[in-house]
Amino acid sequence: MTLTDVAVQVESGLVVQDLTVRIPLSQNTTVHATTGVSLDVPSGSITVLAGESGCGKSIVASAVMRMLPRNAVVTGKVMVRIGGEAVNVLTGASAHRGRHTALVPQSSSTHFTPVRTIRSQLDETIAALQSPHCTEDLAQRVGLPTESLDSYPHELSGGLVQRAAIAAALAGDPAVIVADEPTASLDRRRTDQVLDLLRECADAGAAVLLITHDLGALLRKDVADTLAIMYASRIVETGPARDVLVDPWHEYTGGLLAALPQRGLKPLPRMTPALTDLPDVCAYAGAPTTLVTRGNRTVRERSI
Ligand SMILES: Nc1ncnc2c1ncn2[C@@H]1O[C@H](COP(=O)(O)OP(=O)(O)OP(=O)(O)O)[C@@H](O)[C@H]1O
Ligand code: NI
């Protein structure tokens, strides 16, 4: 057992520790997709991972779901507690996928095949996962009207298809739910409903990792416990969501919040760099940085 094995304690839920993902594109080009990302998502809570498009959020989701490209070079750990045992999903058996960790995808309309009804697809998921639930019960749990079950995905609104996707995700009673931009195509009302539903999942005991770039929705709805802000492959700040939203410590978080319509639409001072061949140091500071913890908050600062 190495020192790092000892260091990772997963009491419950999901722990991402020091996750670095590099994806070679060609001989000279590598995507620095995530760099030293650590996240703690205890059971019964929602951790939001936010940041601009292309900063690496979905790569974190893919690592947790074990869906990274085959050629990705991965270091770090993704620990999930399964049946009383802490398992590193990056190296452990894949049998738990779908059952213990479920993905709510960004585009549910492409998640479901267009040629079969929602009911038949949920039935199939239930059978595949040997789920104790029935389709009607899952539909009821997510507020999907029973008559919607016999519709084809394209016949339903985006909000209803998204609920069907959450119903599918809940079929295996997952301990961990990863929701990658689950509200991206939804209007405000439906966004709020999906966020409420994820909150209910957390309150029922799931560890929820919610990926979004919609900080405005978090200001409007107090659903997140922890907020982690990502910039160019690195986490720059984490803390209790309310505190980070009210009093951001990292300049970038402050910029993201000031860019929101409800905070004055101030343009972000700098462009997000492409993740191909980033410098080895933090791209924001342009210098070596470390994550500094103060109380229940963490912020990336220049190394002295
Ligand atoms: N399969 C892949 N192969 C190579 N590069 C990839 C792959 N998937 C993502 N990337 C690259 O990794 C980087 C991070 O992408 P990612 O999808 O994680 O961003 P994101 O933060 O989720 O953005 P968005 O908010 O637009 O979804 C991008 O530069 C992207 O081009
Ligand atoms: Ni994404």
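The values are calculated or read from the model by the stated rules, or taken from the named source; none is laboratory data. For clarity, every value in this text was computed on a predicted model and none was experimentally measured. Glycine also receives a Cβ, built like all others from the backbone with ideal geometry; neighbour counts cover every protein chain displayed. Please note that ligands, DNA and RNA were not included when accessible areas were found on the heavy atoms of the full protein model with its side chains. Shrake-Rupley method; radii C 1.70, N 1.55, O 1.52, S 1.80 Å.
Among the residues in the range 221-242, are any without any contact (Cβ under 8 Å) to a residue 60 or more places away in the chain, assigned to a helix (DSSP H, G or I) and either surrounded by 15 or more Cβ atoms within 10 Å (Cβ to Cβ) or at negative phi (or both)?
Scanning the range 221-242 turns up at least one residue that is without any contact (Cβ under 8 Å) to a residue 60 or more places away in the chain, assigned to a helix (DSSP H, G or I) and either surrounded by 15 or more Cβ atoms within 10 Å (Cβ to Cβ) or at negative phi (or both).
Can you name every residue in the range 28-60 that is outside any strand (DSSP E or B) and either within 11 Å of ligand 2 (Cβ to nearest atom) or among the β-branched types (Val, Ile, Thr) (or both)?
Applying the first criterion (outside any strand (DSSP E or B)) to the range 28-60 yields 28-29, 42-44, 51-60.
Once the filter is applied, which keeps residues that are outside any strand (DSSP E or B) and either within 11 Å of ligand 2 (Cβ to nearest atom) or among the β-branched types (Val, Ile, Thr) (or both), the range 28-60 yields Thr29, Gly51, Glu52, Ser53, Gly54, Cys55, Gly56, Lys57, Ser58, Ile59, Val60.
Being within 16 Å of ligand 1 (Cβ to nearest atom) and either free of Cβ contacts under 8 Å to residues at least 40 places away in the same chain or in a helix (DSSP H, G or I) (or both) is the filter here; which residues of the range 269-298 pass it?
Met271, Pro279
Identify, please: which residue in the range 177-220 is part of a helix (DSSP H, G or I) and under 20 Å from Gly56 (Cβ atoms) and is, among those, farthest from ligand 2 (Cβ to nearest atom)?
So, considering only residues that are part of a helix (DSSP H, G or I) and under 20 Å from Gly56 (Cβ atoms), the one farthest from ligand 2 (Cβ to nearest atom) is Leu218.
Could we say that Leu256 is touching a residue at least 60 places away in the same chain (Cβ under 8 Å) and in a strand (DSSP E or B) here? It would help to see each step written out before you state the result.
Details: touching a residue at least 60 places away in the same chain (Cβ under 8 Å): yes; in a strand (DSSP E or B): no.
When the stated conditions are applied, Leu256 does not pass them.
Among the residues of the range 31-43, are any modelled with pLDDT of 95 or more, surrounded by fewer than 24 Cβ atoms within 10 Å (Cβ to Cβ) and within 11 Å of the chain's Cα centre (by Cα)?
Scanning the range 31-43 turns up at least one residue that is modelled with pLDDT of 95 or more, surrounded by fewer than 24 Cβ atoms within 10 Å (Cβ to Cβ) and within 11 Å of the chain's Cα centre (by Cα).
Would you mind finding the one in Ala179, Ala164 that is touching a residue at least 12 places away in the same chain (Cβ under 8 Å) and away from ligand 1 (no atom under 16 Å from the Cβ)? Explain how you work it out, then say what you get.
Working: Ala179 fails: away from ligand 1 (no atom under 16 Å from the Cβ).
When all the criteria are applied, what remains is Ala164.
Looking at Leu227, is it over 21 Å from Arg81 (Cα atoms) and out of contact with any Lys or Arg (no Cβ under 6 Å at 6 or more places or on another chain)? Break it down into steps so the answer makes sense when it comes.
Values: over 21 Å from Arg81 (Cα atoms): yes; out of contact with any Lys or Arg (no Cβ under 6 Å at 6 or more places or on another chain): yes.
Yes.
Look through the range 253-278, keep the residues that are touching a strand residue (DSSP E or B) at 6+ places or on another chain (Cβ under 9 Å) and open to solvent by 50 Å² or more (accessible area, probe 1.4 Å), and return whichever of them is nearest to Val48 (Cα to Cα).
By that ranking, first place goes to Ala274.
For the range 38-66, give me each residue that is within 27 Å of Asp196 (Cβ to Cβ), near ligand 1 (Cβ under 9 Å from one of its atoms) and touching a strand residue (DSSP E or B) at 6+ places or on another chain (Cβ under 9 Å).
Taking the range 38-66 as the starting set, the residues that turn out to be within 27 Å of Asp196 (Cβ to Cβ) are 39-53, 55, 57-58, 60-62, 64-65.
Filter again for near ligand 1 (Cβ under 9 Å from one of its atoms), leaving 49, 51-53, 55, 57-58, 60-62.
Answer for the range 38-66, where residues must be within 27 Å of Asp196 (Cβ to Cβ), near ligand 1 (Cβ under 9 Å from one of its atoms) and touching a strand residue (DSSP E or B) at 6+ places or on another chain (Cβ under 9 Å): Leu49, Gly51, Glu52, Cys55, Lys57, Ser58, Val60, Ala61, Ser62.
Restricting attention to the range 42-67, which residues are more than 17 Å from Val236 (Cα to Cα) and not charged (D, E, K, R)?
So in the range 42-67, the residues more than 17 Å from Val236 (Cα to Cα) come out as 42-46, 61-67.
Once the filter is applied, which keeps residues that are more than 17 Å from Val236 (Cα to Cα) and not charged (D, E, K, R), the range 42-67 yields Pro42, Ser43, Gly44, Ser45, Ile46, Ala61, Ser62, Ala63, Val64, Met65, Met67.
I need the full set of residues from the range 106-118 which are open to solvent by 20 Å² or more (accessible area, probe 1.4 Å) and either among the polar types (S, T, N, Q) or at pLDDT below 85 (or both), in order please.
The initial filter retains those residues of the range 106-118 that are open to solvent by 20 Å² or more (accessible area, probe 1.4 Å), namely 106-107, 109-111, 113-117.
If the condition is that a residue be open to solvent by 20 Å² or more (accessible area, probe 1.4 Å) and either among the polar types (S, T, N, Q) or at pLDDT below 85 (or both), then Gln106, Ser107, Ser109, Thr110, His111, Thr113, Thr117 are the ones that fit.
Identify all residues within the range 177-190 that are open to solvent by less than 30 Å² (accessible area, probe 1.4 Å) and either closer than 18 Å to Gly54 by Cα or modelled with pLDDT of 90 or more (or both); write none if there are none.
From the range 177-190, those open to solvent by less than 30 Å² (accessible area, probe 1.4 Å) are 177-183, 186; that's our starting set.
Answer for the range 177-190, where residues must be open to solvent by less than 30 Å² (accessible area, probe 1.4 Å) and either closer than 18 Å to Gly54 by Cα or modelled with pLDDT of 90 or more (or both): Ile177, Val178, Ala179, Asp180, Glu181, Pro182, Thr183.
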